[in-house]
Amino acid sequence: MEAANIAFVVISAAMVMLMTPGLAFFYGGMVRVKSALNMLMMSFISLGIISLLWVLYGFSLAFSGDSGGIIGDLEAAGFPQDIYLVDGELDGALLSFAVFQLMFAILTPALMSGALADRVKFASWALFITLWATVVYFPVAHWVWAEDGWLYDLGVIDFAGGTAVHINAGAGALGAVLVVGRRIGFKKEPMRPHNLPMVLLGAALLWFGWFGFNAGSELAPDGTSSLMALNTQVATGAAVVGWLAYERIRHGAFTTLGAASGAIAGLVAITPSGAHVNPMGAMLIGIVAGVACSWAVSLKFKLGYDDSLDVVGVHLVGGLIGTLMVGFLATQGRAGTEQFGKQALGAVSVMAYSFVVSYLLALLIQRTIGFRASEEEETGGLDLAYHAETGYDFSQAGSGSAGASNGVPAPVAADVKKVDA
Amino acid sequence: MEAANIAFVVISAAMVMLMTPGLAFFYGGMVRVKSALNMLMMSFISLGIISLLWVLYGFSLAFSGDSGGIIGDLEAAGFPQDIYLVDGELDGALLSFAVFQLMFAILTPALMSGALADRVKFASWALFITLWATVVYFPVAHWVWAEDGWLYDLGVIDFAGGTAVHINAGAGALGAVLVVGRRIGFKKEPMRPHNLPMVLLGAALLWFGWFGFNAGSELAPDGTSSLMALNTQVATGAAVVGWLAYERIRHGAFTTLGAASGAIAGLVAITPSGAHVNPMGAMLIGIVAGVACSWAVSLKFKLGYDDSLDVVGVHLVGGLIGTLMVGFLATQGRAGTEQFGKQALGAVSVMAYSFVVSYLLALLIQRTIGFRASEEEETGGLDLAYHAETGYDFSQAGSGSAGASNGVPAPVAADVKKVDA
Amino acid sequence: MEAANIAFVVISAAMVMLMTPGLAFFYGGMVRVKSALNMLMMSFISLGIISLLWVLYGFSLAFSGDSGGIIGDLEAAGFPQDIYLVDGELDGALLSFAVFQLMFAILTPALMSGALADRVKFASWALFITLWATVVYFPVAHWVWAEDGWLYDLGVIDFAGGTAVHINAGAGALGAVLVVGRRIGFKKEPMRPHNLPMVLLGAALLWFGWFGFNAGSELAPDGTSSLMALNTQVATGAAVVGWLAYERIRHGAFTTLGAASGAIAGLVAITPSGAHVNPMGAMLIGIVAGVACSWAVSLKFKLGYDDSLDVVGVHLVGGLIGTLMVGFLATQGRAGTEQFGKQALGAVSVMAYSFVVSYLLALLIQRTIGFRASEEEETGGLDLAYHAETGYDFSQAGSGSAGASNGVPAPVAADVKKVDA
Amino acid sequence: MKLITAVIKPHRLDEVKEALQAFGVHGMTVTEASGYGRQRGHTEVYRGAEYTVDLVPKVRVEILAEDADADQLIDVVVKAARTGKIGDGKVWCLPVDTAVRVRTGERGPDAL
Amino acid sequence: MKLITAVIKPHRLDEVKEALQAFGVHGMTVTEASGYGRQRGHTEVYRGAEYTVDLVPKVRVEILAEDADADQLIDVVVKAARTGKIGDGKVWCLPVDTAVRVRTGERGPDAL
Amino acid sequence: MKLITAVIKPHRLDEVKEALQAFGVHGMTVTEASGYGRQRGHTEVYRGAEYTVDLVPKVRVEILAEDADADQLIDVVVKAARTGKIGDGKVWCLPVDTAVRVRTGERGPDAL
Ligand SMILES: Nc1ncnc2c1ncn2[C@@H]1O[C@H](COP(=O)(O)OP(=O)(O)O)[C@@H](O)[C@H]1O
Ligand SMILES: Nc1ncnc2c1ncn2[C@@H]1O[C@H](COP(=O)(O)OP(=O)(O)O)[C@@H](O)[C@H]1O
Ligand SMILES: Nc1ncnc2c1ncn2[C@@H]1O[C@H](COP(=O)(O)OP(=O)(O)O)[C@@H](O)[C@H]1O
């Protein structure tokens, strides 16, 4: 039993790890080529930083002890041996839980990066997620998943993180966007995805990893995780169909970007709810999420905030749909106005807290070291500005080809000279 | 025990899920750039549609009850709670089986898309797989895997789906191709892969997921699934070597596309057989599959049907090789003419049924809403025609770059103007 | 228990399988476009060849019997049934171990390919890894992991393969590089990565698969594998941060390539050590590996050997860091000068053996069939020379587009004519 | 000498190449281009935002020719490139002062 | 007739197109290019090796024009393309012997 | 003024650039191109189908020059681009009516 749980959780953790690169590709394919690497790096840096914070104090703040249902303590800071040695034996349940939850803590800040695409300083972003994880994510994770967390105690259903992850990230993204402002050229210039197959690749890896995320959240391979897995697939499929149908009617085409976006919307919506509904309920949640999010992404043009890659439209809206709908669709007699009220309270609390604190953190950074890239950096592309790289070089020129016999022609701009090793 | 099984099957299901995007990339990289997104979408849409059908009636038709060994009933339609609640407890075995099998039902229709690359209406394709899953896949899955299925009862060995999945899809693809006809320019114009690394990525994801497909089909982590896993790797490796060797001798080069194709051929051939042969047998099956399929893909040029991405040459031929060879190579005294006869009967039945019905379904669609894209859509590229998108934009122009300082030059054709949000 | 182990090991094996394609993309994105497919194929061919050798004699040499702690016997050659049938039952533990270890045997030779990028004959490479696996890898695997292996008996800590895999491959690569020589234009021409998102994709798949590699090496889901999983993530994250910090200080930019490289360096360093240190130790190992490897990759320019993609700088150096540091950081009272001495002895032995034998093997090949590509093949690109393919074709021209209405413009060089099927 | 430049539809490149070859011209230089003109572009949709793309892919072919051949060559190219639909492109002819074959340094007609 | 070629910064293409349209010119051919000149390039870093890239992306626009319009058109293009910073590019004008519309075979001014 | 166009092998671009710089020319515009000529292409194989690719990658360099420098410049380019093997390319020179520097509006030689 124990062994099967550990196998399940460790592998699920690896699958959730893969979601962050998946997200990087999902977002990275959607931006213009000149800032594609920056977009990828905004996710990858989270894999670096949060792994350190987690050991230093993150796990402890989220899951060790409790202060008024709001936050944990620092007993487990530094992850000392005594928290994971039980009678001299390694505590596999705790250790596997720790690595599993670490992956959630990595993914959540990375989710916000889509809203800030193409226009923030990389070092400032790194600082932002460091602070955000500390004062937003670790506490909220405590509220929702720790045994003494106030939302947990209230009986809010958030199986795998609709509030703690998606509403949290969506609201945080909105807060940061309001500080950082719009991309130069927003609403005027087209800013189309530079690589749609890469977007689909990201969506595919996310979808795959999400089985670890959703089913793994049960921490045991049992009936609940099986139901969750089935519902995850059903809701996601339904959301793909829902988004595409809406798009076909409204814009005359079934877009690839729509299919990918629909999948994510469905995955988001089923995250809090999937363990507590039956498959027909999952299908309904998926379709509603697909249609609603596909409508919601156009809000930014109307309301004028530049949530570049629609973190609000997909994660906040999708998270709300799942969190609220489960209030009515929950099985085992839990559905009803009361549960709905709890769900709404949980959603609103996290939303408000995350939005406000994220806004303030972003403001703090903007006022001190600056959050927004300079105009020249932004228009010239963040890849060169912060990473001193360009994404692609399909060129032949300057590559020493004597025969020059390759069928792929040569973008000669990549005429580079080495000066220093 | 139970817990370990569920862990194994749920994770295997996630791995098999990933095979459909893997297939999308495998196929998507092989087509010309102008229809690459369409190719990807032909697979992704299956993830959407079949997930819905499965809950609505697919699972029920395949695995609930029985009518004469031919098809199930509709008792489980809509996936009502009473089929998965046992004494008020969630039945993890059933639920995990349901999600695992769902992934097979998604993959199989998607396999056929390679044969129809670059020339069918997207909405018609969506309808085709809806009908095909209903009248071909669900019944055939019943024949092969349901306890009362007539092929199962006969004693046909089809461990993970050589007949139900690969022969079925291969024959169905051939039927549809005969209705839809050849691509404009077939045999005249070169239609080379636009992105070979993407093809390899697809092959890699397929290979990975196939461990879930093959070993997972045992539904339990035991000696059989372990043997299956080992044989899967051995046969696939052997087929890569076989295909490459054939190519080197016949065409003077070890091609990347050949390596990827060989891998799929090996995976297909070991699918029905891998649990019933020893590793040397697996190696033999793999080599034969690699060589035979690498020869079979040139048949289309000789016979004149345009199976664009060689679904027949790889899946039908590979499936036949595995299904038939296990008749002679099966261990535990099962090998022999009798078993071979059963294998042949199973293969031929599925092949004939799938071919005929697929042909008729395709004809029905062609005669009603039309299956084939218009000439203009086809030559202009299906991406624009149905998806209003283009796959890549590596351009700098029009992206508001003040300094224009990126090393990657600018395909200026992507000079786009936003008109409406 | 048994079942959970098998589930864990079989799925881990699949994850490790995916590392070889991951490596292919990691390396493939780093080379120039004209040899990108060749780079991919150098890894993929290992999936083919080593799978065959493993069944034929590799498994047997590594894990069946023993001769003086140096090598196994040929009892298990051909993988006969009697080694995996126990009382007529399939021995799942042995079979899953065999497929798991096979994946290590595939990955290790592939690792060396990065050092030889862009300049060796493909067939000679295939021969090289065949010989290398036989006389280097199988014996060394025996030394380190077989119960009678001399390093195992000595008490060297090498949990998941720091010496057997990374030091081994790193030293072997160096030996081969000295024979093969530098790329034409080394140090003169820039040879920048042609596709950095592909590099990140490779790194992501490697990272994911490495959980199978590291945690799976415990062969059971327990406290140790959980700790290993946690430490894997922590060390890798730390190495990403370490590498980026070093780069920012030294070169003024946080590069994408640095993030990817740092991840691999961290993964390498934690491989031998992760089960025997606590998370703070893992963090330290990661940071040291990130900084040290990021410094080590510039050595090749100073010392003048052309380890093209830094197999020495990342795998040899990273492997040494992990192997040596665990000597001091090991928990449970194992740390100390004595253990450090053992670690050093293990590392040096493998390094010396692999370096010398690899050098001789490469020399043998160079003197007989030739290892190095001709100048024309090298400058014209190995993709055309050995694979008769080009990686990408984003062109519209010649693809029969009547309307020519695609936004992506047409690299017309891909003007191809079909002559023969 | 003359330099004939033809901006044509990408899928006519093959025909043009064959026509030139039939005429006895065995060299040309090809560049990718995009054209803006009477031929309308198309619409793309990304998450509900619709964009109009008004540049269409073209191929730009350059042929160095002797003065005497120029007029005939123009006709050959125009004929081979024509589909009769809007967007078929333009051909123009420029006077050339001098032309050199890099390999040999030959000048004028010998450079072709 | 004249052929006006303008090598400009990529992000000025839109302005140039609009200015031309306002002037009454409804056709042009665009090619990607890279320019080398006073404008400095940038540095890239790959595993600690620093490279200087000294070609910067440009767009190359070709406009066939009647003799009478040529001078004015040059001014229109120059004005629309100008940012005032180094690297704004060059415009040059060549004499054209003849021009043909492929679709119809019309020659000279009618070909535009 | 003159416009010198050189179609050369991609890997000679560096040499040409350096030779021009040594000569005192500090600007040029570069475009990717493919060439069709005496130099044969190569064969590609995809699932057993063999294709002949007969266009080879070239680089197209344009240099605006004063009349007086043109002839010498041509020689400089030809020399720098030469490998002596088939496919080295062509250089041609066109008369220019006028040239403008976009940034300043300077015309003629001052525009360079
Ligand atoms: N004035 C011009 N200068 C340069 N190129 C032009 C001009 N007008 C048109 N072209 C080129 O010719 C192509 C075809 O022109 P278009 O007006 O669409 O059709 P048509 O030539 O059939 O009337 C354009 O896409 C563009 O590349
Ligand atoms: N002699 C030349 N011949 C052809 N093109 C040139 C020449 N000099 C400059 N160019 C083009 O003009 C562009 C701008 O030139 P540059 O010297 O950078 O700035 P500016 O024209 O503002 O002084 C270059 O990038 C190049 O494409
Ligand atoms: N008549 C021509 N017009 C324009 N470009 C040409 C012509 N002939 C050759 N070229 C260009 O010159 C390149 C080299 O020509 P090729 O005949 O292969 O070799 P060489 O010039 O060494 O005899 C071709 O690839 C093509 O780009």
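Please treat every number below as a calculation from the coordinates, not as lab data. It should be emphasised that the depicted structure is a prediction, and the values quoted were computed from it without experimental measurement. Cβ coordinates were reconstructed from backbone atoms using ideal geometry, including for glycine residues, and neighbour counts include every protein chain displayed.
Principal-axis analysis of the Cα atoms of chain B puts helix B:168-180 at an angle of about 40° to the longest axis.
The H on the amide N of C:Arg32, modeled in the peptide plane, is under 5 Å from the matching H of no residue at least 5 residues off or on a different chain. Counting every pair of alpha carbons in the range B:178-308, the share spaced more than 27 Å apart comes to 26 percent.
Quick one: F:His42, A:His315, fewest Cβ neighbours within 10 Å first, how do they rank?
Values: F:His42 20, A:His315 31.
So the residues, fewest neighbours to most, are F:His42, A:His315.
Given +1 at the Cβ of Lys and Arg, -1 at the Cβ of Asp and Glu and no other charges, the dipole of the protein assembly as shown around its Cα centre is 4820 debye to the nearest 20.
What does the structure give for F:102-111 when I average, per residue, the other chain Cβ atoms found within 10 Å of the residue Cβ? Show your work: numbers first, answer last.
Numbers: counts 18, 13, 4, 6, 0, 3, 0, 0, 0, 3.
Counting other chains' Cβ atoms within 10 Å and averaging over F:102-111 gives 5.
Sorting F:Val61, A:Val350 by the number of Cβ atoms found within 10 Å of their own Cβ, with the fewest placed first, yields F:Val61, A:Val350. In this structure, the amide hydrogen of C:Val86, modeled 1.01 Å from its nitrogen in the peptide plane, lies closer than 5 angstrom to those of C:Asp91, counting only residues at least 5 positions away or on a different chain. Helix content alone sets the calculated 222 nm mean residue ellipticity of chain D: runs of n ≥ 4 DSSP H residues at -39500 (n - 2.57) each, divided across all residues, give -7500 deg cm²/dmol.
Quick one: length gained pulling D:Thr104 to D:Ile86 fully straight, 0.36 nm per residue minus the C-alpha distance?
Result for the pair: 2.3 nm of gain on full extension.
Each residue in A:Met112, B:Met283 was given a count of other beta-carbon atoms within 10 angstrom of its own, and listing them fewest first yields B:Met283, A:Met112. With its label point defined 7 Å out from Cα along the Cα-to-Cβ axis, B:Gly333 lies at 5.6, 5.6 nm from the matching points of the other copies, in increasing order.
Using all pairs of distinct alpha-carbon atoms, the Kirkwood hydrodynamic radius of the range D:1-79 works out to 14.2 angstrom. Between copies, C:Val348 shows label-point distances of 7.1, 7.1 nm, shortest first, with the point placed 7 angstrom from Cα along Cα to C-beta. Starting from the label point of B:Leu360 at 7 Å along Cα→Cβ, the same points in the other copies fall at 7.0, 7.0 nm, in ascending order. Evaluating 6.51 cos²θ - 1.76 cosθ + 1.60 at θ = phi - 60° for every residue in the range A:212-224, the Karplus couplings come out as x, 4, 7, 5, x, 4, 6, 6, 7, x, 9, x, 5 Hz, glycine and proline recorded as x.
Compute and list, largest first, the equivalent-ellipsoid semi-axes of the range A:86-214 from the alpha carbon gyration tensor, each √(5λ) rounded to a whole angstrom. Can you show the working numbers first?
Details: eigenvalues 201, 68, 43 Å².
Taking √(5λ) for each Cα gyration eigenvalue gives 32, 18, 15 Å.
Among chain B residues, the beta-carbon with the smallest distance to the axis carrying B onto C is reported, with distance in whole Å, as B:Ala4, 3. Put a plus charge on the Cβ of each Lys and Arg, a minus charge on the Cβ of each Asp and Glu, and nothing anywhere else: the dipole of chain A about its Cα centre is then about 1840 debye.
The largest-to-smallest principal axis extents of the Cα set in the range C:209-277 are 44, 21, 14 Å.
Expressed as a fraction of 2.2 N^0.38 Å, the value expected for a compact globular protein of N residues, the C-alpha radius of gyration of the range E:37-112 is 1.66. Any chance you could check the Cα centroid distance between the range F:9-58 and the range E:60-112 for me, in angstrom? Their Cα centres are 27 Å away from one another.
Largest GNM mean-square fluctuation among A:Asn214, A:Asn231, A:Asn278, using chain A with Cα springs under 10 Å: A:Asn278.
Could you check how many percent of all C-alpha pairs in chain C are farther apart than 31 Å?
38 percent
Karplus-based coupling profile of the range F:53-67, in residue order and whole Hz: 9, 10, 9, 10, x, 9, 10, 10, 10, 10, 10, 7, 9, 5, 3, with θ = phi - 60° in 6.51 cos²θ - 1.76 cosθ + 1.60 and x standing for Gly or Pro. Under the simplified labelling scheme, the B:Gln332-E:Asp71 pair shows an inter-label distance of 9.5 nm, with each label point 7 Å from Cα along Cα→Cβ. For C:Gly114, neighbours were defined as the other residues whose beta-carbon sits under 11 Å from its Cβ, and their charges (Lys and Arg +1, Asp and Glu -1) total -3. Kirkwood radius and radius of gyration were both taken over the C-alpha atoms of the range C:346-399, and their ratio Rg/Rh is 1.29. Could you identify which residue out of D:Arg38, D:Arg47, D:Arg82 has the top mean-square fluctuation in a GNM of chain D using Cα springs shorter than 10 Å? Of D:Arg38, D:Arg47, D:Arg82, the most mobile in the Gaussian network model is D:Arg47.
Work out the mean other chain Cβ neighbour count within 10 Å for the residues of B:212-225 and drop it here as an integer. Intermediate values should be presented prior to the final figure.
On the way: counts 3, 0, 1, 8, 4, 0, 1, 0, 4, 14, 10, 13, 4, 8.
Averaged over the peptide's residues, the number is 5.
Backbone geometry of the range A:82-96 corresponds, through the Karplus equation with coefficients 6.51, -1.76 and 1.60 at θ = phi - 60°, to 3J(HN,Hα) couplings of 5, 7, 10, 9, 10, 6, x, 9, 5, 8, x, 4, 5, 5, 6 Hz, x marking Gly and Pro.
Rounded, prolate or oblate: which fits the range A:169-208 when a ≥ b ≥ c are the square roots of the eigenvalues of the alpha-carbon gyration tensor, with rounded for a/c under 1.5 and prolate only if a/b beats b/c? Intermediate values should be presented prior to the final figure.
Working: a/c = 4.83, a/b = 1.34, b/c = 3.60.
Because a/c hits 1.5 or more and a/b fails to exceed b/c, the range A:169-208 counts as oblate.
Here is how the number arises for chain A: DSSP H runs of 4 or more residues each give -39500 (n - 2.57), the sum is divided by the residue count, and the result at 222 nm is -19500 deg cm²/dmol. Neighbouring Cβ atoms from other chains, within 10 Å of the Cβ of residues in C:100-111, number 1 on average.
Relative to its residue count, the range C:299-379 spans a Cα convex hull of 118 Å³ per residue.
Taking the charge dipole of the range A:64-167 about its Cα centre, with +1 at Lys and Arg Cβ atoms and -1 at Asp and Glu Cβ atoms, the residue from A:Trp132, A:Gly155, A:Gly92 reaching farthest to the positive side is A:Trp132.
For the protein assembly as shown, the spread of Cα coordinates along the three principal axes comes to 92, 75, 73 Å, biggest extent given first. Within a Cβ distance under 14 Å of C:Gly262, other residues only, what is the Lys/Arg minus Asp/Glu net charge? Around C:Gly262, the surrounding residues sum to +1.
Between B:Lys121 and B:Arg372, B:Ala373, the built amide H atoms are under 5 Å apart, and every one of these is 5 or more places off in sequence or on another chain.
Count charges around C:Ala275 for me, please; just the other residues with Cβ under 12 Å from its Cβ, Lys/Arg as +1, Asp/Glu as -1. Walk me through the numbers on the way to the answer.
Details: positive: C:Arg334; negative: C:Asp158, C:Glu218, C:Asp222.
Within the 12 Å Cβ shell, the charges total -2.
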